[in-house]
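Written below as structure tokens is the structure these notes are about.
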Amino acid sequence: MTSPPSSRHGPSPRHGVARVLSKLGLCSRTQAARWVAEGRVRVNGQVVRDAEFPVRQGLDRIDVDGHASTAADRLVVMLNKPRGLVTTTKDEQDRETVYGCFAGSGLPWLAPVGRLDKASEGLLLFANDPAWAARITDPGTGPSKTYHVQVDRLPDAALLATLERGAQVDGEFLSVTSARSLRAGDRHAWLEIVLDEGRNRQIRRLLAALDVGVLRLVRVAIGPVQLGELRKGQWRMLTAQEADALGGVRG
């Protein structure tokens, strides 16, 4: 009986074949599991039908439809997310998702890089490179995010200072990196808020704790990448230079 190959650093870690296909950026894990169930995936020449079948990435050969699976070239897309769409591949409540914006585009499968909640709008990234995406979403190394937020009152210096100083909200300390007033009307105003990390509904929760209602929340930039003139529901590919800049240093 032949022993599996190993290195002097110990045996290679094994992961489920569906997970490995997803990590290669070829498809979602759900799609990979479907391919496996359909008998389209072979490991070292043998058809496998178990999505959790253990494989050693880089050592075991994985074929899909007779073709060797290799890491896909990195592809990053930015979308101007419209309000009312949920950031998920398939919604259990059958709500419209952001993937409807890509219908008929011919794009390969891309995973959202971070999220925007249903009521929020603006810049949302998608990528087929999980390692790159992890750097973008890491609160310690990822780029800052800039938001334009319409609120239901006229802000004063004290409110802006409190946002930056932070407050306890439901047992969690929340703050923003910077907050400034952009423009104001008779009763409403727009703020520019920058975050170095994005916790769940962070801006909305912090403002609500300060008795400030959010009328609109639009993400306008991630690091050096600006939403610009991209129209709602429209998308474009990022250049390699833009993607490298995002995945490099906080900006």
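Only the coordinates and a few stated rules stand behind these numbers; no lab work does. Remember, predicted model here, so these are calculated numbers, not experimental data. Methodologically, a virtual Cβ is constructed for each residue, glycine included, from the backbone with ideal geometry; neighbour enumeration extends over all protein chains shown.
Per-structure values
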{"item": "Lone qualifier among Arg216, Arg153, Arg199, Arg205 - being in a helix (DSSP H, G or I), among the charged types (D, E, K, R) and in contact (Cβ under 8 Å) with a residue 24 or more places away in the chain", "result": "Arg205"}
{"item": "Lone qualifier among Ala245, Ala189 - being among the hydrophobic types (A, V, I, L, M, F, W, C) and over 17 Å from Leu123 (Cβ atoms)", "result": "Ala189"}
{"item": "Output for segment 51-74, where each listed residue is in contact (Cβ under 8 Å) with a residue 24 or more places away in the chain, surrounded by 11 or more Cβ atoms within 10 Å (Cβ to Cβ) and assigned to a loop (DSSP other than H, G, I, E, B)", "result": "Ala51, Glu52, Phe53, Arg56, Gln57, Leu59, Ser69, Ala71, Ala72, Arg74"}
{"item": "Odd one out for Ala167, checked against (1) touching a helix residue (DSSP H, G or I) at 6+ places or on another chain (Cβ under 8 Å); (2) exposed (fewer than 14 other Cβ atoms within 10 Å of the Cβ); (3) farther than 28 Å from Arg135 by Cβ", "result": "(2)"}
{"item": "Extreme residue, nearest to Pro143 (Cα to Cα), among residues of segment 214-239 that are exposed (fewer than 14 other Cβ atoms within 10 Å of the Cβ) and among the aliphatic types (A, V, I, L, M)", "result": "Met237"}
{"item": "Selected residue [in contact with a Phe, Trp or Tyr (Cβ under 8 Å, 6 or more places away or on another chain) and closer than 21 Å to Ala134 by Cα] from Val77, Val86", "result": "Val77"}
{"item": "Residue that is in contact with a helix residue (DSSP H, G or I) (Cβ under 8 Å, 6 or more places away or on another chain) and on the phi > 0 side of the Ramachandran plot, where the choices are Gly213, Gly228, Gly142, Gly223", "result": "Gly223"}
